Structures are given as structure tokens and as C-alpha cells.
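A short write-up of the structure that comes next.
Laboratory data are not the source of any read-out in this text; all were calculated from the coordinates shown. Since we're looking at a predicted model, the values are computed, not measured. Virtual Cβ from ideal backbone geometry, glycine too; neighbours counted across all protein chains shown.
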Amino acid sequence: MVIKILGTGCDKCDKAFDNAQKAVNELGESVVVEKVEDLVTMIKYGILTTPGIVVDEEVLATGRIPTVEDFKNIILDR
């Protein structure tokens, strides 16, 4: 599984990345968490508000910060 956090490096994007990493670490799962700050890539995914959350190439959320529990649920449900 690959979780991508798309954003411009703002505090919200950093917090989403941190929450995703924490969820992965707490679950002990083999999940890759990437931070993507490239504007062309964000446009390609249709991300207009940040952060954008993409899991296995599917956009799951935009414009909000998922909690650690949200990320755990995403990981466990896939």
C-alpha cells in the first residue's frame, strides 16, 4: 500500500503526513507514506485544496487533515 500526502508543504500537509506515519508505525504495517509537493502531480490527481490524500492511486480526501485513527481505518480496511 502506498499513501501519498499531496500538498505544498504547509502545516496542514505536514500534520497529515505525520498522522499517516504514526498510524503506520502503531499498526506495524508495511505501508509506504510519501509526501508529494509537485503542483503538476496535484493537478493530475485533481487536488484543488490541500492536503490531498491518495491511497493506491485513489483520491480519498482533500482539504482536511485525517486523524491517526482515520489513517488506521484506511489501512485496515484495504
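Label sites at Asn73 and Thr41, each approximated as a point 7 angstrom past Cα along Cα to Cβ, lie 2.7 nm apart.
Other residues lying with their Cβ under 9 Å from the Cβ of Tyr45 contribute a combined charge of +1, Lys and Arg counting +1, Asp and Glu -1. Segment Glu29..Leu60, full-extension length gain: 9.2 nm, with 0.36 nm per residue of separation and the alpha-carbon distance subtracted. Run through the DSSP bridge list for the chain and note the antiparallel percent, rounded to the nearest 5. Restricted to the chain, the bridges split so that about 60 percent are antiparallel.
A simple charge model with +1 on the Cβ of Lys and Arg, -1 on the Cβ of Asp and Glu and nothing else charged puts the dipole of the chain at about 160 debye relative to its Cα centre. Which of the three applies to the stretch 2-77, rounded, prolate or oblate, going by the alpha-carbon gyration tensor with a ≥ b ≥ c and a/c under 1.5 meaning rounded? The shape class here is prolate.
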